[in-house]
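Since the structure comes first, as structure tokens, the remarks are kept for the end.
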Amino acid sequence: MARILVLHGPNLNLLGRREPQLYGQTSLAAIDTMLRQAAAEAGHELLSFQSNHEGELVTWIQQQGAQADVLIINPGAYTHTSVALRDAVLAVGLPTIEVHLSNVYRREAFRHHSYLADVARGQIAGLGAYGYLLALQAACALLRGEIGT
Ligand code: DQA
């Protein structure tokens, strides 16, 4: 049994109510429940966390990263600003999958750059809550050694 971490950044606690035309109608609690169930079906444990604070996100990665096998992360707006989150991901050295509900490449230019993209194993953007499920499937495939480096 592996441990999969799922980390959600700022404002994602408002999912379902926040700009639903961009981010969809599904709440964060519903996403986490769906992911936990899918992980359990694959025989894995899933731990999730959301914070609006950059330092809390960094601390959680540091604390949980040592006892985990893979990280799925939607850093929200910190995607485009946070060297600290990038460094935390590098420090724990977990294979990381970056998720965005919206297609950031169809939006403002400042959303086109991600401080995580080149340290992540892969990125999924624009597929709404379904992107998290795809990330979980990819995480399970990574754990089975089915995706090359
Ligand atoms: C987001 C995209 C970011 O640009 C934005 O700041 C978010 C959500 C997404 O999931 O589409 O908060 O990460």
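The values are calculated or read from the model by the stated rules, or taken from the named source; none is laboratory data. Bear in mind that the values here come from a model prediction, so they are computed numbers and not experimental data. Glycine gets a Cβ as well: all are built from the backbone with ideal geometry, and neighbour counts include every protein chain shown. Just so you know, the surface numbers come from the protein's heavy atoms only, side chains and all, with ligands and any DNA or RNA stripped out. Shrake-Rupley method; radii C 1.70, N 1.55, O 1.52, S 1.80 Å.
Here are the numbers for the structure shown:
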| quantity | calculated |
| --- | --- |
| Hydrodynamic radius (Kirkwood) for region 1-128, which is based on Cα pairs only, to one decimal in Å | 14.7 |
| Built amide H within the under 5 Å cut-off of G16, gap 5+ | T26 |
| Efficiency of FRET from Cβ geometry, Q21 and E56, R₀ 30 Å, rounded to 0.05 | 0.55 |
| Of the DSSP H helices in the chain, those whose Cα atoms cover at least 18 Å axially and whose Kyte score averages -1.0 or more | 28-41, 130-143 |
| Charged-residue dipole, Cβ positions (Lys, Arg, Asp, Glu), region 1-107 about Cα centre, Debye nearest 20 | 320 |
| Residues with amide H under 5 Å from that of S48, placed H, sequence gap 5 or more | V6 |
| Average accessible area per residue (Å²) across the chain - probe 1.4 Å, nucleic acids and ligands excluded | 48 |
| P(r), alpha carbons of region 82-123 - 10 Å bins starting at zero, rounded % | 28, 53, 18, 1 |
| Built amide H within the under 5 Å cut-off of H100, gap 5+ | I124, A125, G126 |
| Computed accessible area, Y130, all protein chains, 1.4 angstrom probe, square angstrom | 130 |
| Among Q21, Q67, Q37, residue whose mean-square fluctuation peaks in a GNM of the chain (springs only between Cα atoms under 10 Å) | Q21 |
| The chain: most fluctuating residue of P95, P75, P20 per GNM, C-alpha cutoff 10 Å | P20 |
| Carbon/sulfur fraction of accessible area - region 24-149, other protein chains in place, 1.4 Å, % | 51 |
| Computed over the chain: relative contact order in percent, which uses C-alpha pairs under 8 Å that are six or more apart | 27 |
| Region 1-99: trypsin sites (Lys or Arg not before Pro) in DSSP loop, at most 14 other beta carbons within 10 Å | R17, R18 |
